[in-house]
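First up is the structure itself, then whatever we jot down about it.
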Amino acid sequence: MGVVDTPASQAANRAGAFPRLRYMGSKYRLIPHLAAVFTELAGRTALDAFSGSGVVSYLFKALGYRVTANDFLTFPSVIAQATVVNQDTTLAPGDVERICGPAADYAPPRDDNCYIKRYHFLEGLSVYWRGQQVMENTQTRKLAKRYTPFSYTRTATNALRRTFRQFSESAIVLSYSSNAVPDAAAIEALLREVKDDVDVRLVDHTYTFGTHASAHRRAASEYLFIAR
Ligand SMILES: C[S@@+](CC[C@H](N)C(=O)[O-])C[C@H]1O[C@@H](n2cnc3c(N)ncnc32)[C@H](O)[C@@H]1O
């Protein structure tokens, strides 16, 4: 039996050609599932609230959505400018290979889920270190950690609650690792505070943790919450 060619599968294939950045927590592998959900929602505009590698924003674009990419770090916006906004400049395959090829091993062994610690060089480069608080006593001139309430068990629940409230008039799609805190039941309850219809789908997925030599792939499922 042949594979059915749908608008969702065409957009997923296009997004599959997005440069595969080893971005922590990237939803790259979920693209076919997200393409199906976004097609089902049949929206026209989207906010990619945590854009990271930009692959989800790119998928929205491929599906014909008008997308706004947002991230609290600056370098993801540079990536989104180059890969999603840009319509004219194409890099040669060799350039893409060089940019996305094997990385120098700078990832710190501890506090590994901190984006600024992991990607301090890219973040500094994206603003040419202007206005950044550089930690002069570190060998690699790291940047000071930036606070985000989403990174701490104590504050994540309320940060999610505020975010869901803010977007209560829109469909909300949240992709979430099964081993994350707060757990799936808590996320569903938070969404039900603002939405009547909350669909929870479980997707088998392997999460990438770490780019360094001891990096491992942890088997974790991913929940897709679709609230409308
Ligand atoms: C799991 S990653 C996003 C992955 C992205 N969807 C992808 O597929 O590549 C989470 C992102 O959230 C960003 N982030 C953390 N706290 C944030 C905040 N308060 N506001 C906006 N972005 C935030 C981080 O910088 C990081 O890029």
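The values are calculated or read from the model by the stated rules, or taken from the named source; none is laboratory data. Bear in mind the structure is a predicted one, so any value in this text is a computation, not a measurement. When we count neighbours, we look across all protein chains shown, and the Cβ atoms used for this are built from the backbone with ideal geometry, even at glycine.
In this structure, is TYR176 closer than 23 Å to ARG22 by Cα and either buried (at least 16 other Cβ atoms within 10 Å of the Cβ) or not aromatic (Phe, Trp, Tyr) (or both)?
Working: closer than 23 Å to ARG22 by Cα: yes; either buried (at least 16 other Cβ atoms within 10 Å of the Cβ) or not aromatic (Phe, Trp, Tyr) (or both): yes.
Yes.
Is it the case that region 48-58 has a residue that's modelled with pLDDT under 95, of a type outside the set (D, E, K, R) and part of a helix (DSSP H, G or I)? Give the steps one after another, and end with the answer.
Here is the first cut: in region 48-58, the ones modelled with pLDDT under 95 are none.
The answer is no, given that none of the residues of region 48-58 is modelled with pLDDT under 95, of a type outside the set (D, E, K, R) and part of a helix (DSSP H, G or I).
Taking into account only those residues within region 142-181 that are closer than 30 Å to TYR128 by Cβ and of a type in the set (S, T, N, Q), which is nearest to the ligand (Cβ to nearest atom)?
Within region 142-181, the match that is nearest to the ligand (Cβ to nearest atom) is THR148.
For region 4-45, which residues satisfy the criterion of being in contact with a Lys or Arg (Cβ under 8 Å, 6 or more places away or on another chain), free of Cβ contacts under 8 Å to residues at least 60 places away in the same chain and more than 15 Å from the ligand (Cβ to nearest atom)?
Across region 4-45, the qualifying residues are ARG44, THR45.
Yes/no per residue for (1) at pLDDT 95 or above; (2) assigned by TED's automatic domain parsing to the domain that holds ASN13; (3) under 18 Å from ALA17 (Cβ atoms):
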| residue | (1), (2), (3) |
| --- | --- |
| THR39 | yes, yes, no |
| VAL67 | yes, yes, yes |
| ASN70 | yes, yes, no |
| VAL96 | no, no, yes |
| ARG110 | no, no, no |
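Taking the conditions exactly as written (under 21 Å from LEU224 (Cα atoms), touching a Ser or Thr at 6+ places or on another chain (Cβ under 9 Å), surrounded by fewer than 17 Cβ atoms within 10 Å (Cβ to Cβ) and outside the structural domain of TYR119 (by TED's automatic domain parsing)), does GLY54 satisfy them or not? Walk me through how you get there before you give the answer.
Details: under 21 Å from LEU224 (Cα atoms): yes; touching a Ser or Thr at 6+ places or on another chain (Cβ under 9 Å): yes; surrounded by fewer than 17 Cβ atoms within 10 Å (Cβ to Cβ): no; outside the structural domain of TYR119 (by TED's automatic domain parsing): yes.
For GLY54, the condition - under 21 Å from LEU224 (Cα atoms), touching a Ser or Thr at 6+ places or on another chain (Cβ under 9 Å), surrounded by fewer than 17 Cβ atoms within 10 Å (Cβ to Cβ) and outside the structural domain of TYR119 (by TED's automatic domain parsing) - is not met.
In the set ILE116, ILE79, which member is in the same structural domain as GLN139 (by TED's automatic domain parsing) and touching a residue at least 24 places away in the same chain (Cβ under 8 Å)? Working first, answer last.
Details: ILE79 fails: in the same structural domain as GLN139 (by TED's automatic domain parsing).
It is ILE116.
Among the residues of region 58-67, write down those that are surrounded by fewer than 16 Cβ atoms within 10 Å (Cβ to Cβ) and either charged (D, E, K, R) or touching an Asp or Glu at 6+ places or on another chain (Cβ under 7 Å) (or both).
Step one: list which residues in region 58-67 are surrounded by fewer than 16 Cβ atoms within 10 Å (Cβ to Cβ), which gives 64, 66.
The one that is surrounded by fewer than 16 Cβ atoms within 10 Å (Cβ to Cβ) and either charged (D, E, K, R) or touching an Asp or Glu at 6+ places or on another chain (Cβ under 7 Å) (or both): ARG66.
If VAL85 satisfies every condition in (1) farther than 25 Å from ILE116 by Cα; (2) in contact with a strand residue (DSSP E or B) (Cβ under 9 Å, 6 or more places away or on another chain) but one, which is the exception?
The number of the failed condition is (1).
Give me the helices (runs of 4 or more DSSP H) completely within region 68-180, filtered to those with at least 2 residues that are closer than 19 Å to SER53 by Cβ, ordered by residue number.
Qualifying helices (runs of 4 or more DSSP H): 75-80, 93-100, 115-118, 120-126.
Mind checking which residues of region 82-104 are without any contact (Cβ under 8 Å) to a residue 40 or more places away in the chain and in contact with a helix residue (DSSP H, G or I) (Cβ under 7 Å, 6 or more places away or on another chain)?
To start, the set of residues in region 82-104 that are without any contact (Cβ under 8 Å) to a residue 40 or more places away in the chain comprises 82, 84-95, 97-98, 101-102, 104.
Result: VAL84, single match.
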